[in-house]
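Scroll down for the structure; my scribbles are underneath it.
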Amino acid sequence: MEEWWYRSASGARIALRRRQHSASCRELAVRCPRLRLRSLSAATSAAWLAAYGLFVLTENSMVLSAAIIITLVGLIIYLHFVKIDQESLLVIGSLGIQVTSSYASGKESTTFIEMSQVKDVVINEAIHMQKVIYYLCILLQDPGDPQGVSEVVPLFQSSKPRLDCLIEVYKSCQEILEQRKTAPQSS
Amino acid sequence: ENSPSPLPERAIYGFALFLGSWFGFMLYLIWAYVPETWLFSLGLTYWPQKYWAVALPVYLLVAIGIGYILLFGINMMSTAPLNSTDTVTDNFAKKQQQKKFQEEAIPALRDIPISEVNRMFFLPEK
């Protein structure tokens, strides 16, 4: 198992981990930086100071309890639905590609794409919020047209690795996908 | 002919527009500043309310300001999302014809599929 350190598009440090399970099976995982204690306490203090200011203005103590409840519920929702800990890609040569996102609360959401539906894994460039970004995506085959692309599945949306990390992941995936052409197709 | 060289007709149009815009501006100033009683005494009673002399320029300037923001927003909304096939291909690329390869000639211009482009950029040739 190998691990390399890279930077994400926003400058945070991310780790790319690669495991070779067998000749045709590889797992690539990108780990995002954890939630920092100082940013958590800064956000909580800002919210509670604002609530205290509102309490001083309105003399209503419900504001303080509401602020505490909103902060706690908001933190739980953020950890369970927003903050992604690790995004991994499991490429099994003859079977398919599995994409897993694990959230900070421990939730994991998985998507599996069968190998016959996968046309290719490419690094695509697109305009996103006044910037042009590189992102890795899976091109799904159009059943009617052998050259056509029916759908584009973007990967690593939260960790947003930069081009050097994407090139490593791309090369690893292509080594496995190339075996599809040399091995005889069985339908 | 669409050449930008000066023509006599253009000079006449330009001068007519110049006079017309000066006349319109003077009329606007008179309507905005001259008190209503003076205009009534002259017999000119059917004018719009003077409120509009201030309201219309304000409307125009606010509309221009919002127009900047609106254009920005429309641009962002019509950008294709990251998961759409428009980032990879479009109708013209799908229907393009493959020209035959000729020896000693520059290859014809065509849209290269993204898989081929990626292989060329990112996989080192052995």
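A few points about this structure:
- An oblate overall shape is assigned to segment A:35-79, the ratio a/c of its alpha-carbon gyration tensor axes (a ≥ b ≥ c) being 1.5 or greater and a/b not exceeding b/c.
- With the simple model of a label 7 Å out from the Cα in the direction of the Cβ, residue B:93 to residue A:130 spans 2.7 nm.
- In summary, the lysines within cross-link reach of residue B:100, defined as a Cα separation below 30 angstrom excluding same-chain residues under 8 places away, comprise A:119, A:181, B:126.
- Solvent-accessible surface (1.4 angstrom probe) belonging to residue A:112, in square angstrom, nearest 10: 100 Å²
- Buried area at the A-B interface (accessible, heavy atoms, 1.4 Å probe, summed, Å²): 1700 Å²
- In angstrom, the C-alpha Rg and Dmax of the protein assembly as shown are 31.8, 100.
- When B:100, A:83, B:95, A:107 are compared by accessible surface with a 1.4 Å probe, the order from highest to lowest is B:100, B:95, A:107, A:83.
- For the pair segment A:1-60 and segment B:51-98, the centres of their Cα atoms are 34 angstrom apart.
- Accessible-area composition of segment A:33-187, carbon plus sulfur, in percent [1.4 Å probe]: 61 percent
- Once the C-beta distance of residue A:115 and residue A:56 is scaled by a Förster radius of 41 Å, the resulting FRET efficiency is 0.05 to the nearest 0.05.
- A simple spin-label model places the labels of residue B:17 and residue A:107 6.0 nm from each other, with each point 7 Å out along Cα-to-Cβ.
- Taking 21 Å as the straight-line reach from the Cα of residue A:107, the lysines in range (excluding those fewer than 8 positions away in the same chain) are A:83, A:160.
- Per residue accessible area in Å² of segment A:1-54, where ligands, DNA and RNA are left out and the probe is 1.4 Å: 66 Å²
- Radius of gyration, Dmax [segment A:35-171; alpha carbons; angstrom]: 21.5, 69
- Relative compactness, segment B:54-119, computed as alpha-carbon Rg over 2.2 N^0.38 Å: 2.06
- When nucleic acids and ligands are ignored and a 1.4 Å probe is applied, residue B:37 ends up with an accessible area of around 100 Å².
- Note on chain B: helix-only mean residue ellipticity at 222 nm, from DSSP H runs of 4+ residues weighted -39500 (n - 2.57) and normalised by residue number, equals -19000 deg cm²/dmol.
- Net lengthening on full extension, residue A:150/residue A:69 (0.36 nm per residue, minus Cα-Cα): 24.6 nm
- In the elastic network of chain B, a GNM with C-alpha springs shorter than 10 Å, the most mobile of B:81, B:107, B:35 is B:107.
- Rolling a 1.4 Å probe across all protein chains gives residue A:1 an accessible area of roughly 150 Å².
- Positive minus negative residues near residue A:143 (Lys, Arg vs Asp, Glu; Cβ under 14 Å): -3
The values are calculated or read from the model by the stated rules, or taken from the named source; none is laboratory data. Here the structure is a predicted model, which is why all the values come from computation and not from measurement. Note that we place each Cβ from the backbone using ideal geometry, even for glycine, and neighbour counts take in every protein chain shown. These accessible areas exclude ligands, DNA and RNA; they are computed on the full protein's heavy atoms, side chains included. Shrake-Rupley method; radii C 1.70, N 1.55, O 1.52, S 1.80 Å.
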